[in-house]
Structures are given as structure tokens and as C-alpha cells.
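For reference, the structure is listed below as C-alpha cells.
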Number of protein chains: 2
Amino acid sequence: MTALDDRSVQSTVTTGPITGSEKVYHDVHDPDSGRTLRVPQRRVGLSNGSHLDLYDTSGPYTDTTASIDVHTGIPATREDWIAGRGPVDGASTQLAYAKAGVTTPEMRFIAAREGMDPEFVRSEVAIGRAVIPANRCHPESEPMVIGKNFLVKVNANIGNSAVTSSVPEEMEKMVWATRWGADTLMDLSTGKRIHETRERIIRNSPVPVGTVPIYQAVEKVDGDPAKLTWEIYRDTVIEQAEQGVDYMTVHAGVLLRYVPLTTERVTGIVSRGGSIMAAWCLAHHEESFLYTHFEELCEIFRDYDITFSLGDGLRPGSVADANDEAQFAELRTLGELTHIARSHGVQVMIEGPGHVPLHKIAENVRLEEELCGEAPFYTLGPLATDIAPGYDHITSAIGAAQVAWSGTAMLCYVTPKEHLGLPNRDDVKTGVITYKLAAHSADLAKGHPRAQEWDDTLSRSRFEFRWQDQFHLALDPDTAQAYHDETLPAEGAKTAHFCSMCGPKFCSMKISQDVRKYAHDNGLSTVAAIDQGMREKSAEFAEQGNRVYLPVAE
Amino acid sequence: MTALDDRSVQSTVTTGPITGSEKVYHDVHDPDSGRTLRVPQRRVGLSNGSHLDLYDTSGPYTDTTASIDVHTGIPATREDWIAGRGPVDGASTQLAYAKAGVTTPEMRFIAAREGMDPEFVRSEVAIGRAVIPANRCHPESEPMVIGKNFLVKVNANIGNSAVTSSVPEEMEKMVWATRWGADTLMDLSTGKRIHETRERIIRNSPVPVGTVPIYQAVEKVDGDPAKLTWEIYRDTVIEQAEQGVDYMTVHAGVLLRYVPLTTERVTGIVSRGGSIMAAWCLAHHEESFLYTHFEELCEIFRDYDITFSLGDGLRPGSVADANDEAQFAELRTLGELTHIARSHGVQVMIEGPGHVPLHKIAENVRLEEELCGEAPFYTLGPLATDIAPGYDHITSAIGAAQVAWSGTAMLCYVTPKEHLGLPNRDDVKTGVITYKLAAHSADLAKGHPRAQEWDDTLSRSRFEFRWQDQFHLALDPDTAQAYHDETLPAEGAKTAHFCSMCGPKFCSMKISQDVRKYAHDNGLSTVAAIDQGMREKSAEFAEQGNRVYLPVAE
């Protein structure tokens, strides 16, 4: 039975709009091809008649007009874009096009999503400061960009392991993660049916999909790293490339001579791929085949326009090991490989730690940009402390906001189950929402042109007691409303000029509104006006009723 | 019926040790009084025979040898310390003693808790860079210090409101919050039985208790700010001082002329106390009585050794309003008041925002230290974005870690219910744990001598697959184990050399241990050794079995 025959999947996928939002499309004209590109947005309608359009990663699953069939997959929008163009300078990659001055439909689509100029997107991709993961064999994906001068992106890891979860579960995690804002997905399956799981995910994923090919390669040799060969690895990469994997993690920086640098660490090597390659290097006492065959790998990546995600196999697994010799030695090698990949017209991003205390985070970004030619940095967290298993989505969101503000382009989410187990559907949502807020905090700090509008729109609705607008504008409308209703379930409370935190007598917002109205009505909006004798006004204010509460609205 | 007659309370208070920990006391000799001070610690016993002692805020409730009776309250340990000393320079405050060169038992107790020299504690208090909130009428509290050169502290807000919760619920929140690490509590009750609730909390609280007296004062005038008078406020302060409130929030920096500065804000005035005082100032067109009577207030605070928490009544309630003229104008006034309070021998800390984007946080700390003579900064969050109601414990923990690293001495927690409702018992725990990890992240970054030992001890247990040790060392052992058991419930999994994230074949820690052992056994712990011809070793490694997994342990 192939995965696509398994009818049991369909029922498990979530569809329909996010509460309070509707799917809209902005039509963008592509002058080169004459095509019209339909750019999806999440539109939040407000009770005051206005609306806010937000970046939307959820694909057709939130479009009430779309018919979803996970067995046929979602529409292959990019198919004719890809068919309609040939190689430039021997490569058909977004990098090659950008360097040749070609603005692809992908770049125009992205420019519209980000509110940027298409030429700026092209120029960032051309110098390698941004990447567009878009395998020619994954035409279903909606183009997105990863780069420090764009919105900070969030990756969600899914995939089953040897001891838990199934294909239908992973399918739902894919739809669920993108519904809440995941910009890319990594399928880290290590158990049974790796190929089928991946096929199902890619054919239905509206976002780029990444993998770590070494996981499947080592499955092919019964889990024994020493039995790995370049040929087995290469064939696995080609198998995944044909399926449409958009970016691949390659731990080509774990060199034989770096392995001893990890032996005195508190937590040694914590990267799966890194430990597999370290074991291989020692077993054979040879240099990593990922390093010695890197140029051949570049040729394969170029032919599909797969983006390298150069893995940090020696990343620290504890704050004690952060920024040590092993970590930075590998980073220098990743820098060397970055320039080789680019010379083949292949896009590159660099993976980062891990576990790093707050005061050592900025140094990671500075070094990565310096050594890797500003290739987009893609970090896991980092966790700012090791002491909170069960809350590592938070310890890592603290580090993630900091590292994103410092220049990281994409954050790999961490769920509450990190270090403890495999995330379930709820954990996936918690991880994505937590990372979206960390990413948005960085977008605000970096001054992305569209970032603060969202905060201001929500805060205005809060100040004006437009509760439903506040819920609908929230990253997670359902949870926001559920928490509110826990203490004030009555419908009246949705329009009440107070909440259960202070109660009617003590609502500072209500008092503040009275103060504002009074100041406006009496021309007291300046310090000068206040300072001019206006004692006579005070009696008035009393008459107008300076009581600061309404009767409880229920 | 007085509060202390209500027998229904007892059953609701949680007692017993934290999972995997036991209460121990370190005896500290006080040479001045000849007393022995019993300093509580949370001892985590480890399966390798060692243990780790952690800072403990939970009081007698986690001591299996203690008999708890919430009707009589907990032991008044400080009673005879207080009785045994008179005023110096007209004041009996920790500040006055410190300036006079007296090292109080409180300071010695604190030095032992923090692993610092008593003389250092005294000197920090003497210059006002640290405060010891310890009302003479709250002898039950265990001394603690708030200052940038000590462990970052966490405050938990509790208290009922007009629309929800009861005295027994608040009692349990008090015990529950300190169990998980709250260093101080603020009773923000605004509803019925304010006096009784507070009495019950203070008599049973092992940590300092803070309040905002204006809340009770305005209740006395039917919630109408305009009816407030200095006399009503003063009498309320004295009533609370007699009960033993250790620090009080006073919004004395909300001046009449600052009110208009808020009228163009996105969210106006969001501080309850601030909005009440703003309404009063406009109603009377007079300067705030908190400001005009500040010196009288100092006399009262001095007599009880109550610490000022000068409130930021004009703090921003949205990122749009952060660091604006209104906020910083008030901060300048708080600086002026700080020096007046100190001249009366009264301790002072300064409250901070609120909602502040990442790039504007450090400026808040810099200005506060400059304008307020390095008085301890006590910040609410700040929230780094407004868009995530339901997750504001996280948006604020991101800002809290940043601001604490920058120098904030105490963080006021935020729960998932912020902006939506009143926190329940579970929310209180989530808020405290989240803030403890934010505070600890800052302690690590600031290099507190005892901070990293905790991380390293947990990470070693993780790397050595000592699962139970890992759970017991976690900030929240119960949640850590529950998450692990969700996917691998079998007892065998507690000793398994893998977890459900990767499964047995792919455990990087296991592979890394093999690599480490092999490198050690063969003297390959240096790059040089590796580089010397050792191909002959590789065959060996294969024989030793470079398989990287164990059979599933169940």
C-alpha cells in the first residue's frame, strides 16, 4: 500500500478559517510573464469597519472555497513558472537568476507578502543574504524568503520516530503548524515509512519542507553509522530531491580533527547528524564524506535548486559548552563551504545553536555573519538556561527573540516536550505560537515596516474595549477568548468596559478614557493648558460625574 | 466572624516537599547576637550520591517536620531580632543600620542564602543599591534582598477582585506561589474583605508582602477617586503598616502637569493607581496629595521599616507608548522622591514598565539607575509585543530576561491570563515558573556565582541518562516527568539510554558517549593525537561495536 492510498488520513486534517479571520488574495501582476500572482493574506475584520491583513502561511486549508484532497495534494501553482524558464550561467536556481538580474515570480510573490520592493528581494538573494527555498520538484509551495532584512521566519519540526506517531498524525501536524504560522517545516522522521510520510507531507505542504538526509541514509544501514558510504548518502539525497525537499541539513562541518574537541564537554555532541558523522569519522579514521564530496553534493543541489542548511553538528547541548572551540571550529568550516556552494549557484543558510546563555548570543550572530558571508542564520532557540525541562519552549523563546533581534533570519521552534518526548498536536501549536511571538518581538525591535501596525491595532481595540477585535487580532484567538470567558462568560462581558482583573470599579483603561475625554473637552491636552489657572474646570468635571465605573454588565 | 475563625481555609493549603527535594537548614552563627540563624535550602538528592542545594522560598510548608496552622500563622522568627535593637540616627530601618555599619541578622541570613559576604550585603543596602523589605510588624518573613548584585527576584501578584475569588483561594495561591519560587507577594485585593485577606496572607507568608494602599483607600470612598483625601489614604497606610506590609506601591510621581502627556497615547494610562491619581488631580486641579505629603509618608514608612516601591503610574500599556515623554517625566520625579525617602532613612525601589519592545528596554534601566541613584528596579515584564493575549507570560518573560540582564533586581510576574482575566492556581504556577527561568537566565548572563552550577548539574544528569535526577533538578519536576512519561511511561524508560524524541537508534547523547569513551580509551582527546596516523585503531572501534543503540528497554 502506498501512502496515497491510505484514506484514513483525510479526516484528520484541520480545515476552515482561523476564528475571526478570512482568507483573501492580493493579485500581483508579473510584468515579465504577464501572469497574475495570487498572494494569500489572513484578513482580520474589525467591528469598527476596518480590517488588518496579516502574513498568511496556512495555504488552502483556511480557504473556505478550496477543495482539499490530501490524496491528490494541493495545487502546483509554481509548475508553469518553473517550466517557463531555463538555466542562467548553468544554473536554474533563485541565486543564479538573482545574480543575472532576473526578478522571478517567486521574488515578486515574496515582495508582496513582505511589503517590500521586488528589486530589493532580488538584490538580497543575489548577494546571498537571503534565500528562497524552492525545489523545482515542489511546485505546491508558496514562495517565501529567509533573510535578516525580512520578517523573521519560524520552522516547525515534525516527523515520526521509531517509538511513536503515525503518518496521519504527522499530516495533521503539518496542516496544524502552518495554520498557526510555521513558515517552513522539517520532516525529521526516523522511524518506519520515512519515504511515504515525506511524500504525503510535501504534496500537501504550502510551505518549504526541509529534511536531514543522513537520518534516512543511516536507516538504510540498520542504524550503524560506520556502514554509511558516500554512495548511500548521495542516493538518499537524490531520492529526497526528486520528492521536492526544498532545503537539506548537511553536517559537512564535523571534521575528524574536531571530534576530540568535544570529549571534555558537559554534554558532548547533541546533534543527531553530528554524532553520526563523528562516529563514522572515528570508525574509519577518514575525513567526513560529506566534506570530501561536498562539490558533488553542490551539483545535485544546484540541479533541483535545493538550499543548503549547513548543520551545526557540534552545537552546544548545554550552556556550559556554549561558544567553545568545537562549535566555532565547525563554524569556520561552514563558512568555507558556504563560498564553495555559492560558486556553484547554490543557496546557503547556516544552522546555529542550541543552548547559549544570553550574554553569549550576540557573538554567535557576529561570527556567523563574518565567517559565512552573511548567509541567513537559522538557529534552534537558543535555550538561555538548562534548568527548565517542560518549559523549554519558553527558555528557548527568550534566546530566540534575542538572537533574532541580533540578526537571525529563521528560528527553529522548540516545544514544551523538548528533551522529554515527541511533541503532540497541542505541543506543535504551543511551539509555533511561542516562536511567532518571539519572531514578532524581533521584527518590532528591527523596525520591520509592517510589524508595529499589528500591535497598535490590537492595543487600540484593547483600549476601546472592543473585546472581540482583541481576540481576533491575537496570535491565538481561541485561547485568548477562552481565557477571558473563564472568568467572565456572559455575553455582556464582551462589551463591558472592564475585565475580571480589576473589576468595574478599578478599570484603569476606563478611568483613563474619562481623563482623556475630559482633557480634550476642556482643551487640556498640553502641559501649558493645565498650568493655566483652570480650577474652575474642576467643579465641572465633578458634575459630569467623575465616577469611574459602570454597573457590572450582567 | 474574623478571618482567623474561618476553618474552611486549612484544607486548601498545599504542604509537603517538592518532588525529589527535601528541606534542609544551614545553621549560620551571628557573632553580634550569639544567635544561630537557620537558613532554609531546597536539597535535591542525586542518584550518584551527591546533592545540590537550591535557594528556597517555600517556608515551613515544604518542611515535613513543621506543623502548619493557618489560623495561628507561621513562626515569628524575627520577633526577638527586632525587639533586641533600637533606632540609629532616629531610624530602625535596614538602611539606617547599614549606613551606621551595623550588620543585622537579616543581612547575615541573606548572605548565607545568596552565597555572599555579609559585609557586601550591608554595603549594598547602605548605598541604596539593594533593599531588604522587612516591616517590623511582619516577623514571620524570611529575610531576602532585592538588588542588581544578587539573584534576580520574582514577585507574584495575588488578591481577589470585585468579580471573582475568595480568601481560601488567595491563601492557597500564596502558599503555591512561594512553593514554586516567588520571592515576594503582592496582595492586590480590590474586592470584599481586603483587610481580612491581607491579615491571613501576612501571618502565613514566609516572604515579604507588598500592597498598593490606594486600592483599599478608594474602596473606602465607594470607588470615586475624586473623594479621596490625604487623611483617608494616610490612615489606610497606617492600617496596612500595622498588619506588617513590607513594601507599598505609591504612585507619587503622577503629577497634575503630566496627565495631558498621556492623552494622545494609544493606551493612555494603564496603571490602576496612576489612573486613580490622574482622575483625582484633574477633579481637584491640585497637585497629587501623594506628592505634596510625601515627607509625612516617609515618616510612617520609617517607623515600620516599610520599603517604598515608587509606582510607575504612567507606564506604557502598549509598545507604541514605550519610553515616551509621560513615562520618563514621571521617572525623573521618582528620582527626586528617592533621594527624599533615603534622607529619612527609608528604603526605596522603583517600579518599571509595562510594554516595551526589545530595542527600548536597556534605555529604561540606564535612565532608572541614573535618575534614581541606582535604587533597585522592579519591572512588570516588560511585554516585548502586544499581539499575544493568552501568552503574555511568554511575551513578558522575553522582555523580563532582557531587562533583568540589563540590571533589573526584581521581576513582577505576568500570567497567561494577563489582559484577559484573574489568574487561577495553575496560572500562578505557570507565571512563577516562567519568571524563575527568566530570572535565572539573567543570573547566568550576569555571572552570579551560584547560577551555572544548577545548569551544569542538570545537564550532566541529562547526558548520563539519569532521568530521575533530571526531573528532580528541574524547576518543575512534576511537569518534566509527566511530559516524559506521556510517550515512554514504562519504568524501564527511566533508565533507558534514549528518549522518545529520537528513539534508540538515533540518540545523539548515546553516540556521543561512545565517541567520548573511544577517544579516551585510545588517547584521542587532542587534535594532535587524531592527526597522528591511527588508522589501525579504526578496525578496533568496529570490533568494540560501533553500533550506536541499545535494545528498546521495555
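With 5 Å bins beginning at zero, the pair-distance distribution over Cα atoms of the range A:1-129 amounts to 2, 9, 15, 16, 16, 14, 12, 10, 5, 1, 0 %.
Determine the sum of side-chain charges near residue A:330: Lys and Arg each +1, Asp and Glu each -1, restricted to other residues whose C-beta is under 12 angstrom from that of residue A:330.
Residues near residue A:330 contribute -3 overall.
For the residues of B:252-258, the average number of beta carbons from a partner chain within 10 Å of their own beta carbon is 2.
State, as an integer percentage, the relative contact order of the range B:331-479 based on alpha-carbon contacts under 8 Å between residues 6 or more apart. Write down the numbers at each step before the final one.
On the way: 223 pairs, mean separation 25.4, N = 149.
Rounded, it is 17 percent for the range B:331-479.
Please state the relative contact order of the range B:277-413 as a whole percent: Cα pairs under 8 Å, 6+ residues apart?
In percent, rounded to a whole number, it is 22.
When residue B:24 is represented by a point 7 angstrom out along its Cα-to-C-beta vector, the spacings to that point in the other copies are 6.4 nm, nearest first. At a 1.4 Å probe, what is the % contribution of carbon and sulfur to the accessible area of the range A:149-446? It is 48 percent, rounded to a whole number. Determine the calculated [θ] at 222 nm for chain B from helices alone, applying -39500 (n - 2.57) to every DSSP H run no shorter than 4 residues and normalising by the residue count; nearest 500 deg cm²/dmol. So the calculated ellipticity at 222 nm is -12500 deg cm²/dmol. Between the alpha-carbon centres of the range A:121-185 and the range B:114-139 there is a gap of 52 Å. Seen from all directions on average, the range B:149-446 presents a Cα convex hull projection of 13.3 nm².
By how many degrees, between 0 and 90 and to the nearest 10, does the Cα long axis of helix B:361-371 differ from the longest principal axis of chain B? It works out to around 50 degrees.
Remark: label point of residue B:520 defined 7 Å out from Cα along the Cα-Cβ vector; separations to the same position in other copies 7.2 nm, ascending.
Heavy-atom accessible surface of the range A:149-446, averaged per residue, reaches 21 Å², computed with a 1.4 Å probe.
Each Lys or Arg adds one and each Asp or Glu takes one away; over the other residues whose Cβ falls under 12 Å from the Cβ of residue B:82, this sums to -2. How many percent of Cα pairs in chain A exceed 30 Å? Everything past 30 Å amounts to 53 percent. The C-alpha atoms of chain B define a longest principal axis, and helix B:230-243 lies at about 40 degrees to it. Can you bin the range B:66-179 into rounded, prolate or oblate? Criterion: square roots of the alpha carbon gyration tensor eigenvalues sorted a ≥ b ≥ c, rounded for a/c under 1.5, prolate for a/b above b/c, oblate for the rest. Here the range B:66-179 falls in the prolate category.
Buried accessible surface for the A/B chain pair comes to about 11100 Å², total over both chains, computed with a 1.4 Å probe. Each Cα pair under 8 Å and six or more residues apart adds its sequence gap; the mean of these over the residue count of chain B is a relative contact order of 13 percent. The range B:193-240 and the range B:258-274 have their alpha-carbon centroids 23 Å apart. Against chain A, whose longest principal axis comes from its Cα atoms, helix A:477-487 is set at around 50 degrees. Projecting the Cα atoms of B:158, B:481, B:123 onto the charge dipole of the protein assembly as shown, computed from C-beta unit charges around the Cα centre, puts B:481 farthest toward the positive end. Between the range A:43-68 and the range A:458-482, how far is it from one alpha carbon centroid to the other, in angstrom? That distance is 16 Å.
For peptide B:221-231, the mean count of partner chain Cβ atoms within 10 Å of a residue's Cβ comes to 3. Please label the shape of the range B:343-475 as rounded, prolate or oblate, based on the square roots a ≥ b ≥ c of the eigenvalues of the alpha-carbon gyration tensor (a/c under 1.5 means rounded; beyond that, a/b larger than b/c means prolate, else oblate). Oblate is the answer for the range B:343-475, as a/c is 1.5 or above yet b/c matches or exceeds a/b. When the Cα atoms of the protein assembly as shown are aligned to their principal axes, the ranges along those axes come out at 86, 69, 48 Å in descending order. Between amide H atoms placed 1.01 Å from N, distances below 5 Å from residue A:186 occur with A:156, A:157, A:158, A:210, all of them 5 or more places distant or on a separate chain. Pairs of Cα atoms in the range B:251-409 fall into 10 Å distance bins, from 0 up to the last occupied one, in shares of 12, 40, 35, 13, 1 percent. In this structure, the pairs whose alpha-carbon distance is over 20 Å, taken from B:153/B:429; A:153/A:446; A:153/A:360; A:510/B:173; B:173/B:220; A:23/A:446, are A:153/A:360; A:510/B:173; B:173/B:220; A:23/A:446. Neighbours of residue A:228, meaning other residues whose beta-carbon lies under 12 angstrom from its beta-carbon, give a summed charge of -3 when Lys and Arg score +1 and Asp and Glu score -1.
The values are calculated or read from the model by the stated rules, or taken from the named source; none is laboratory data. What you are looking at is a predicted structure, and each value in this text was computed from that prediction instead of being measured. With ideal geometry, Cβ positions are generated from the backbone for all residues, glycine too; neighbour counts draw on all protein chains shown. With ligands, DNA and RNA removed, areas are computed over all heavy atoms of the protein, side chains included. Shrake-Rupley method; radii C 1.70, N 1.55, O 1.52, S 1.80 Å.
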